[in-house]
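The values are calculated or read from the model by the stated rules, or taken from the named source; none is laboratory data. Everything numeric in this text was worked out from a predicted model, so none of it was measured. Cβ sites come from the backbone with ideal geometry, for glycine too, and all protein chains shown count toward neighbours.
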Amino acid sequence: MADYPAALGELISFFESLPEGERRENLIDLASAAAAHAPKEGEKFDLEDVRHDAECTDTVGVHARLEHGDHVHFAISLGPKVQTLTKAMATILCRGLNGATLAEVLAVPQDFVPRIVGADLVRLRSQTVYYVLGRMKQAAKALQQELN
């Protein structure tokens, strides 16, 4: 899993090992933990991009800051109508990408998404499952441009 930051690689391996039913249960559990990855009161970020795009049912905020040079820390704020799968992906991506370098975040291929959520959910919710990753990559690219 050399193409992925270590924490994301571990999450991919974990989900790949699960039968479909357990995979969905774990996604629901992760969705309920999404609030833990919201910005904390008084927390400062280098980039805050909060908006409601057509691809999502409600507002999603991507908050990012650089730490230790070019390592990134993400937080995600989610409106109340955001779907369960989007919440789960936000949690997975915060856990899997926090502490990675900007270059590592930008290099993450999208091929891991079906390995986590399963092919059936990807077909049903194709825009939803890639939405948060795309937003986080946009934030990483903007931060990288600020560094250069």
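A few points about this structure:
- Total residues in segment 121-147 satisfying the condition of being of a type outside the set (D, E, K, R), over 30 Å from Pro19 (Cβ atoms) and at pLDDT below 90: the figure is 1.
- Residue count for segment 75-92 satisfying the condition of being hydrophobic (A, V, I, L, M, F, W, C), assigned to a helix (DSSP H, G or I) and buried (at least 23 other Cβ atoms within 10 Å of the Cβ): 4.
- Going through (1) closer than 18 Å to Ala119 by Cα; (2) assigned to a helix (DSSP H, G or I); (3) among the hydrophobic types (A, V, I, L, M, F, W, C) one by one, Leu8 falls short only on (1).
- Flag if Val72 is crowded, with 16+ Cβ neighbours inside 10 Å, at pLDDT 90 or above and not in a strand (DSSP E or B): no
- Segment 11-54, residues that are outside any strand (DSSP E or B), among the charged types (D, E, K, R) and exposed (fewer than 15 other Cβ atoms within 10 Å of the Cβ): Glu16, Glu20, Glu22, Glu25, Asp29, Lys40, Glu41, Glu43, Lys44, Asp53
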